[in-house]
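Below is one structure, written out as structure tokens, with a few remarks after it.
The values are calculated or read from the model by the stated rules, or taken from the named source; none is laboratory data. Since we're looking at a predicted model, the values are computed, not measured. Here the Cβ is made from the backbone with ideal geometry for all residues, glycine too, and neighbour counts use every protein chain on show.
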Amino acid sequence: MSHPVAPATGGGRIRTPLPFPTAAKPAVADTQLRANLHRATRTIRAKRARVVDEVPDWEALRDAGSAIKADVQRRLPELLEQFEASVTAAGATVHWARDAAEACRIVVELTRATGADEVVKVKSMATQEIELNEALEAAGIAAYETDLAELIVQLGEDTPSHILVPAIHYNRAQIREIFERRMADAPSDLSDEPAALAEAARAHLRRRFLSARVAVSGANFAVADTGTLVVVESEGNGRMCLTLPETLISVVGVEKLLPTFTDLEVFLQLLPRSSTGERMNPYTSMWTGVTPGDGPQDVHVVLVDNGRSAVLADPVGRPALSCIRCSACLNVCPVYERAGGHAYGSVYPGPIGAILSPQLTGVADNASLPYASTLCGACYDVCPVKINIPEILVHLRQQAPHPPAERATMRVLSWVMRSPRRWAAALRLARAGAGPLGAYRERRTGARTLRRLPWPASAWTRSRDVPLPAPQTFREWWGKQ
Amino acid sequence: MVGKTVSARDEILARLRTALADSPPPVQVPRGYRRVDDRPNLIDTLVDRLEDYRAVVHHGIDALPRLLSEVDRLAVPIDVPADWLAGYAGELHRDAPPLSPAALDDLDAVLTGCAVVVADTGTIILDAGPAQGRRALTLVPDRHICVVRTDQVVGLLPEALTRLDPRAPLTWISGPSATSDIELNRVEGVHGPRRLEVVLIGSGV
């Protein structure tokens, strides 16, 4: 008899090297970054709102999307087996990767088998998560990002800071400067007009597209009943990579499945409007294994766990696997707008990253991220698949390790607050102790608050004032009325 | 069974089964969204949406000769209807034997039909079926001239999916190539065709 196999957490670029507050500090102080983020998120919020408002059945689409994803999670093992059978019958080869390192190994081996020493890449969160570019480079294979924003980030030797627009932290002048410095064939009189920058990227990548032998992509959706993979994009770089090379390797997280081809009717309405704020993105490609005489004839799919089984194992946190990577939650988040994506450390920033990254790695390894939120709930309102992000954030905060002093304090408080008698007595005691101090502070500063407490409570007062007890409680006042 | 290697496939499936030990209840998917469009004039909606995304719309087959007269070197799928090319005097490149990517890159435009068109989003869907050819054909040339018959137009996306064969390679096109990667503002013209021209034919145009 086989023993049950425990779900496992994952690796790759999903851990915060620094606690969120430490990493956010320089970002919040960077006025250029704040201006860039403010401008970009304001633009996209308005666009999204306009195209969502014109859809009369938007809420019905969200309900359907949310339910389809819950169904996928419930039936994930059987749907994966069905997908494997369908896509294999259509001529593709399926590979399975337990974690980031295994996924990278598979892609390196498949590329080596073709004899190619370079690959062109379609923008993919999964390959950023597993740090594929670094693994390919270590194996002597050059990986060329072809999405404009990924190209900017790669040329700038930077890391992505947004799920949809990895270079959101740069403005046009900074992008022009990166192109001028790092793109050997950039025109000498390159302006910072977006159209001119896009033109430069077109010229830079054209020859590479036409001669590429191997492409690496992710997938937005993988359809179980037909074996179809779907990539949604704008520029045509995706079509180039998915059509012209002989070999196509797609790295797909196991949660990306949809049960049926018909289910795309929901998600292809939800995704573009939520993500780029368009009725439909310029290009969507769908392919099912190999089509003789049309497109790549050597087609591979790498199905990746890398922590997803651990997310699935938590019934409260499980809906994080419903995410379709639209990034609407980033664009409305007051914390993201001020701190930017790099502060989250993981390739998944913003509200969804604050729940997904700690679940993929285990909360202890990413304990600061569930606190990178004000719990305002704007993310939940815009989520096209209705992930209750605030609820999961609170759930993860409960799992995060807390310092012994805080735990002891909370235990005492909990005992006191469980009984009305103890609570009233504690308030009387506190007022007797701190009342004169409160009156003094009110005379001095106009507020019954303390700025600093002695250590270890000083950690708490670094970013807060401590209120002192009022002269009488509400219940005492009410009793006198 | 010490030392027995478990395949990654079996291990991942086993992990996922363990993760679902709480046996989540079956899910009924509510499908209360619109699946049929009841708007009276879909063609008007389609033209509005195409133009909104900077595609150029022409009405009637008579527009074709004038359009093609600007094209010196034209790529076409092997089964392009002969009447679409009536009077064409430029260099015609049929995709048989298949044109190489470099050869396609030297041509000025490609002329094809399509499979289905979604009015609500202005989306043209190619399925490698009649008068469309393989995917590379409509990708590499910088200008795509696409003939749309009005009987190929549906209102909403769910209606389009019922007309498609999932096993065919599908390309959904909504306007010319574009990007929103610089300050999240849309600009047209990156790697795909920078000009998309739609010729509407059939009743009601």
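Structural remarks
A quick yes/no check of all residues on (1) touching a helix residue (DSSP H, G or I) at 6+ places or on another chain (Cβ under 9 Å); (2) of a type in the set (Val, Ile, Thr); (3) not assigned by TED's automatic domain parsing to the domain that holds A:Gly353:
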residue: A:Pro4; (1), (2), (3): yes, no, yes
residue: A:Thr9; (1), (2), (3): yes, yes, yes
residue: A:Arg15; (1), (2), (3): yes, no, yes
residue: A:Leu18; (1), (2), (3): yes, no, yes
residue: A:Ala23; (1), (2), (3): yes, no, yes
residue: A:Arg39; (1), (2), (3): no, no, yes
residue: A:Arg42; (1), (2), (3): yes, no, yes
residue: A:Ala46; (1), (2), (3): no, no, yes
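- Selection from the range A:340-355 of residues that are in contact with a Leu (Cβ under 9 Å, 6 or more places away or on another chain), among the aliphatic types (A, V, I, L, M) and touching a residue at least 60 places away in the same chain (Cβ under 8 Å): A:Ala343, A:Ile352
- Number of residues in the range A:287-322 that are under 26 Å from A:Ile387 (Cα atoms), facing another protein chain (nearest Cβ under 7 Å) and among the charged types (D, E, K, R) equals 1.
- Where A:Val230 falls short, out of the listed (1) at pLDDT 95 or above; (2) assigned to a helix (DSSP H, G or I); (3) surrounded by fewer than 24 Cβ atoms within 10 Å (Cβ to Cβ): (2)
- Any helices (runs of 4 or more DSSP H) falling wholly within the range A:68-187 and containing at least 2 residues that are in contact with a strand residue (DSSP E or B) (Cβ under 9 Å, 6 or more places away or on another chain), within 23 Å of A:Met240 (Cα to Cα) and outside the structural domain of A:Leu248 (by TED's automatic domain parsing): none
- Leading residue by the ranking (surrounded by the most Cβ atoms within 10 Å (Cβ to Cβ)) among those in the range A:256-286 that are charged (D, E, K, R) and within 10 Å of another protein chain (Cβ to nearest Cβ): A:Arg273
- Extreme residue, nearest to the other protein chains (Cβ to nearest Cβ), among residues of the range B:38-60 that are closer than 18 Å to B:Gly202 by Cβ and β-branched (Val, Ile, Thr): B:Thr45
Quick grid of which residues meet (1) assigned by TED's automatic domain parsing to the domain that holds A:Cys333; (2) in a loop (DSSP other than H, G, I, E, B); (3) under 18 Å from A:Thr374 (Cα atoms); (4) touching a Lys or Arg at 6+ places or on another chain (Cβ under 8 Å):
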{"residue": "A:Glu391", "(1), (2), (3), (4)": "yes, no, yes, no"}
{"residue": "A:Thr409", "(1), (2), (3), (4)": "no, no, no, no"}
{"residue": "A:Val412", "(1), (2), (3), (4)": "no, no, no, no"}
{"residue": "A:Val416", "(1), (2), (3), (4)": "no, no, no, yes"}
{"residue": "A:Ala425", "(1), (2), (3), (4)": "no, no, no, no"}
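- Among the residues of the range A:1-57, those identified as within 12 Å of another protein chain (Cβ to nearest Cβ), small (Gly, Ala, Ser) and assigned to a helix (DSSP H, G or I) are A:Ala35, A:Ala40, A:Ala46.
- Among residues of the range B:121-148, those that are on the phi < 0 side of the Ramachandran plot, outside any strand (DSSP E or B) and in contact (Cβ under 8 Å) with a residue 60 or more places away in the chain, counted: 3
- Number of residues in the range A:305-317 that are part of a helix (DSSP H, G or I) and either without any contact (Cβ under 8 Å) to a residue 60 or more places away in the chain or crowded, with 23+ Cβ neighbours inside 10 Å (or both): the value is 4.
- Condition check for B:Pro25: loosely packed, with under 13 Cβ neighbours inside 10 Å and under 30 Å from A:Arg318 (Cα atoms): yes
- Test: residue in the range A:149-160 that is closer than 20 Å to A:Val251 by Cα, within 12 Å of chain B (Cβ to nearest Cβ), free of Cβ contacts under 8 Å to residues at least 60 places away in the same chain and small (Gly, Ala, Ser): yes
- Breaking point among (1) in a loop (DSSP other than H, G, I, E, B); (2) in contact (Cβ under 8 Å) with a residue 60 or more places away in the chain; (3) more than 24 Å from A:Cys104 (Cβ to Cβ), for A:Arg325: (3)
- Boolean, B:Val190 is among the β-branched types (Val, Ile, Thr), at the interface with chain A (Cβ under 7 Å from one of its Cβ atoms) and outside any strand (DSSP E or B): yes
- Of all residues in the range A:60-117 being aliphatic (A, V, I, L, M), more than 30 Å from A:Pro292 (Cα to Cα) and within 10 Å of chain B (Cβ to nearest Cβ), the one that is surrounded by the fewest Cβ atoms within 10 Å (Cβ to Cβ): A:Ala60
- Each residue in the range B:88-99 was checked for being in contact with a Leu (Cβ under 8 Å, 6 or more places away or on another chain), in a loop (DSSP other than H, G, I, E, B) and either touching a residue at least 40 places away in the same chain (Cβ under 8 Å) or under 17 Å from B:Pro65 (Cα atoms) (or both), and 3 of them qualify.
- Criterion applied to B:Arg35, B:Arg31 was being within 12 Å of chain A (Cβ to nearest Cβ), without any contact (Cβ under 8 Å) to a residue 12 or more places away in the chain and either surrounded by 14 or more Cβ atoms within 10 Å (Cβ to Cβ) or among the hydrophobic types (A, V, I, L, M, F, W, C) (or both), and the one residue passing it is B:Arg31.
- Residue ID - surrounded by the fewest Cβ atoms within 10 Å (Cβ to Cβ), chosen from residues in the range A:36-45 that are more than 13 Å from A:Glu278 (Cβ to Cβ) and touching a residue at least 60 places away in the same chain (Cβ under 8 Å): A:His38
- One residue from A:Pro420, A:Pro404, A:Pro358, A:Pro436 being closer than 30 Å to B:Val29 by Cα and not charged (D, E, K, R): A:Pro358
- Residue in the range B:149-187 that is surrounded by the fewest Cβ atoms within 10 Å (Cβ to Cβ), counting only those that are modelled with pLDDT of 95 or more and assigned to a strand (DSSP E or B): B:Arg149
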